[in-house]
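First comes the structure, then the notes that go with it.
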Amino acid sequence: MMSRALGLAGLLLLLFASLERFTWADNSKYSITAIHAHLYHESTGEINKTDLLDGKVHMLRNSVIGEGEGGKPSNAVWILVELVGPTFADIKGELSLTAIAGDKILLDQTLKLHKWFNEGGRLVLPFLVYGTGSNILEITATLKGLPAEKVLRTTLKKSIPFEIGE
């Protein structure tokens, strides 16, 4: 009975040690893990709590005049790009975000990572895209300037199905 308990304890110890290595390996490389998007309501200055990229269907028809899910006029989207990595203390590299609606580039912005700080393994960077609401918004986030061996995912693409009409 005692040897069985020791065997089980050893198995549990091995399992936890493996999980710790997995977590460490997962954070040993930089990666874009998520993009979040929220309507910005210009009439109130509020940022809507609903994440438009949460995998659910959102009613965004005529959001520019306050119809649909937002309930208030919105012509801009607050975008947050989530990064993970070993540390974000004085790291070289950049995060670029491009937002395109139809044939129009609404945003093409690059942030230098060394201007942001977190000793931990997570960083969330903001972007504000103006002129949204009439066409599908195609969003592309890209990590640049980091050695390839230190990066797990360099690009993440998402889209928001805005539309206007009767």
Quiz item: Applying the selection to the range 134-154, what residues are more than 26 Å from Pro73 (Cα to Cα) and polar (S, T, N, Q)?
Solution: Thr142, Thr154
Quiz prompt | Per-region count, the range 98-131, residues in contact with a helix residue (DSSP H, G or I) (Cβ under 8 Å, 6 or more places away or on another chain) and outside any strand (DSSP E or B) | solution = 1
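Results for (1) within 17 Å of Ile160 (Cβ to Cβ); (2) modelled with pLDDT of 95 or more; (3) of a type in the set (D, E, K, R); (4) surrounded by 14 or more Cβ atoms within 10 Å (Cβ to Cβ), shown as yes or no for each residue.
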| residue | (1), (2), (3), (4) |
| --- | --- |
| Leu14 | no, no, no, no |
| Thr23 | no, no, no, no |
| Ser31 | no, yes, no, yes |
| His41 | yes, yes, no, yes |
| Asp54 | yes, yes, yes, no |
| Glu69 | yes, no, yes, yes |
| Asp90 | no, no, yes, no |
| Leu106 | yes, yes, no, yes |
Quiz item: When you look at Gly55, is it within 18 Å of Asn27 (Cα to Cα), out of contact with any helix residue (DSSP H, G or I) (no Cβ under 8 Å at 6 or more places or on another chain), in a loop (DSSP other than H, G, I, E, B) and small (Gly, Ala, Ser), yes or no?
Solution: no
Self-check item: In the range 125-166, residue surrounded by the fewest Cβ atoms within 10 Å (Cβ to Cβ) [restricted to those that are closer than 22 Å to Lys115 by Cα and among the charged types (D, E, K, R)]
Solution: Lys144
Exercise. Go through the range 141-166 residue by residue and tally those that are assigned to a strand (DSSP E or B), small (Gly, Ala, Ser) and without any contact (Cβ under 8 Å) to a residue 60 or more places away in the chain.
Key: 1
Quiz prompt | Index of the failed condition, Ala76 passing every other in (1) assigned to a loop (DSSP other than H, G, I, E, B); (2) touching a strand residue (DSSP E or B) at 6+ places or on another chain (Cβ under 7 Å) | solution = (1)
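The values are calculated or read from the model by the stated rules, or taken from the named source; none is laboratory data. No experiment lies behind these values; they were computed from the predicted model shown. Backbone-built Cβ (ideal geometry, glycine too); neighbour counts: all protein chains shown.
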